[in-house]
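The values are calculated or read from the model by the stated rules, or taken from the named source; none is laboratory data. Everything quoted here is computed from the prediction, not taken from an experiment. Neighbour counts run over all protein chains shown; Cβ positions are idealised from the backbone, glycine included. Accessible surface is based on the protein model in full, side chains and every heavy atom, while ligands, DNA and RNA are left aside. Shrake-Rupley method; radii C 1.70, N 1.55, O 1.52, S 1.80 Å.
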Amino acid sequence: MLRLIQAEFLKLRRKKFIVLMLLSALFMPLLAVFYFRSADKTVIEPLQFYKWTTFSYTAWIILPVVLGLVSTMLMYDENQNDMLKQLWIIPISKTGYFFSKFIVVLSYSVCFMLLTAIASVFFGMLPGYITFEWNSISYLFKKCIEIAIQCNSNYHARYSRCYFGTGSQYSGCTFLYRYMDYCFYRICVHFLKA
């Protein structure tokens, strides 16, 4: 399993577009600096700034598009070159193959949202719009990790349909991956509360 995850990361390392998509996490924090500058506000509530930069368009428009592109890039080469037929000849389980893709997209989602959170704090404090408060920053990071995990769960059904086919297997796989998403979410919430 770990070798499959390592192979997926090595395949993504060759693609330069992955870094550009990760840099799109800086879009909303930069836009927020210009927006609040034009609003002529000197001091802004940190939570208001974070909601505008991280929880507005980043979580519901930019991140799903980026994750869709990453998911497509993960599958494109293998489908284009008919590598899946050759992979099934080698003793690789379909579930291990699926989970390696899932872990890669999950880690990319978490990295994307953490980069957005760091950029929000940095671009908010640099011009002096917000003050440094541990409570608001911990709330920001907690919500960013929750959003990353929940946004990644939207792709479970698509993955299971793509890898395992249709019919009765599809509903069982969807249930399994939704349950796993719930487990990941509960683990994340448990560790962030501590």
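For the stretch 63-101, enumerate the residues that are in contact (Cβ under 8 Å) with a residue 60 or more places away in the chain, out of contact with any Lys or Arg (no Cβ under 8 Å at 6 or more places or on another chain) and open to solvent by less than 60 Å² (accessible area, probe 1.4 Å).
Answer for the stretch 63-101, where residues must be in contact (Cβ under 8 Å) with a residue 60 or more places away in the chain, out of contact with any Lys or Arg (no Cβ under 8 Å at 6 or more places or on another chain) and open to solvent by less than 60 Å² (accessible area, probe 1.4 Å): LEU63, PRO64, LEU67, GLY68, ILE92, GLY96, TYR97, PHE98, PHE99, SER100, LYS101.
Restricting the first member to the stretch 35-59 and to residues that are among the aromatic types (Phe, Trp, Tyr), and the second to residues that are at pLDDT 80 or above and not in a helix (DSSP H, G or I), the beta-carbon pairs closer than 8 Å and six or more apart or on different chains are PHE49/ILE130. What helices (runs of 4 or more DSSP H) completely inside the stretch 1-89 contain at least 2 residues that are farther than 21 Å from THR116 by Cα and of a type in the set (Ser, Thr, Tyr)? Those helices (runs of 4 or more DSSP H) span 63-80. Against the numbered list (1) of a type in the set (Ser, Thr, Tyr); (2) surrounded by 15 or more Cβ atoms within 10 Å (Cβ to Cβ); (3) farther than 16 Å from PHE9 by Cα; (4) at pLDDT 80 or above, TYR129 comes up short only at (4).
So, in the stretch 1-18, exactly how many residues are open to solvent by less than 100 Å² (accessible area, probe 1.4 Å), aliphatic (A, V, I, L, M) and in contact (Cβ under 8 Å) with a residue 24 or more places away in the chain? Looking only at that region, the number is 5.
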